[in-house]
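Single-structure report; data block below.
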Amino acid sequence: LRQDPWEMLVTFILSGNNNIPRIKCSIEALSERFGENVPHSAMKAFPKPEVLAGLARDDYRQAGAGYRDQYLLATAQKVASGEADLEAWRVLDDDQLKKALLTLPGVGDKVASCIMLFGYGRRASFPVDTWVAKMMRRLYFTHEAGAKEIKAFAEALFGDQAGYAQQLLFHWGRNSEMEA
């Protein structure tokens, strides 16, 4: 749960209205086309913000970003210029970090929660996606609870382990759906 914030930022902006295989292909395409060579490997590194900030929107579209191209470009420019200092944000408390992330184009509540959990290791963060919402409703609600209600309930219930619970629910939800 402690991956690079920059990579998580791009990955989760790409995740909007998208599926895991397409997100993976987009990340691989960006890395292959714009990443630096990794020594002693055929792989390419994830592109730095400065590189992605200099691309055209069409470059993002060719990598499969679709309508997210504008968000990725604008966010890369903010990070590359230092206006959004992802490393300095590590010392912010959870509320401050969320507010900072929400200033970035293409980052809403769910994406900010994902970046907090996976990029900053904030284990109390509980992102609510379709799979997690289904599992939470099945286990804890007798009504069609919305994402905000589910998130608040889960963060209160699971406390500083909410992120781990979210991962278990996500995995369970995806696997139970595939088995059905």
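Using only Cα atoms, find the angle between the long axis of helix 162-179 and the longest principal axis of the chain, and express it within 0 to 90 degrees, rounded to the nearest 10.
Once rounded, one gets 90 degrees.
Across the Cα atoms of segment 77-126, what radius of gyration and what greatest pairwise Cα-Cα distance (Dmax) are found, in Å?
Rg then Dmax for segment 77-126, in Å: 10.1, 30.
Working only with C-alpha atoms, what are the Rg and Dmax values of segment 88-180, expressed in angstrom?
13.5, 45
As a test of reading the structure, rank 142, 103, 11, 75 by solvent-accessible area (1.4 Å probe, protein chains only), most first.
142, 103, 11, 75
Using only the Cα atoms, what convex hull volume per residue in Å³ does segment 1-106 have?
Each residue corresponds to 115 Å³ of Cα convex hull volume.
Counting other Cβ atoms within 10 Å, keep those with at most 14, restrict to DSSP loop, and tell me which GluC sites (Glu not before Pro) in segment 108-180 are left.
144
If each Cα of the chain is one equal point scatterer, what is log10 of I(q)/I(0) from the Debye formula at q = 0.09, 0.10, 0.18, 0.19 Å⁻¹?
Reported log10 I(q)/I(0), two decimals: -0.34, -0.42, -1.19, -1.28.
Can you tell me the 0 to 90 degree angle between the C-alpha axis of helix 109-120 and the longest principal axis of the chain, rounded to 10?
Compared with the principal axis, the helix lies near 70 degrees.
Give the shape of segment 53-136 as rounded, prolate or oblate, defined through the alpha-carbon gyration tensor: a ≥ b ≥ c are the square roots of its eigenvalues, a/c under 1.5 means rounded, and otherwise the shape is prolate if a/b is larger than b/c and oblate if not.
oblate
Taking K and R as +1 and D and E as -1, what net charge do the other residues with C-beta under 10 Å from the C-beta of residue 59 add up to?
Net local charge, residue 59 excluded: +1.
Report the accessible area of residue 135, computed with a 1.4 Å probe over the heavy atoms of all protein chains in place, in Å² rounded to the nearest 10.
0
Give the cross-link partners of residue 148 among the lysines, using a straight C-alpha distance below 29 Å as the criterion and excluding same-chain residues fewer than 8 apart.
Here the lysines satisfying the reach criterion relative to residue 148 are 24, 78, 98, 99, 110, 134.
The values are calculated or read from the model by the stated rules, or taken from the named source; none is laboratory data. Keep in mind that this is a model prediction, so the values were computed, not measured. For neighbour counting, all protein chains shown are included, and Cβ atoms are generated from backbone atoms with ideal geometry for every residue, glycine included. Accessible surface areas use protein heavy atoms only, side chains included; no ligands, DNA or RNA. Shrake-Rupley method; radii C 1.70, N 1.55, O 1.52, S 1.80 Å.
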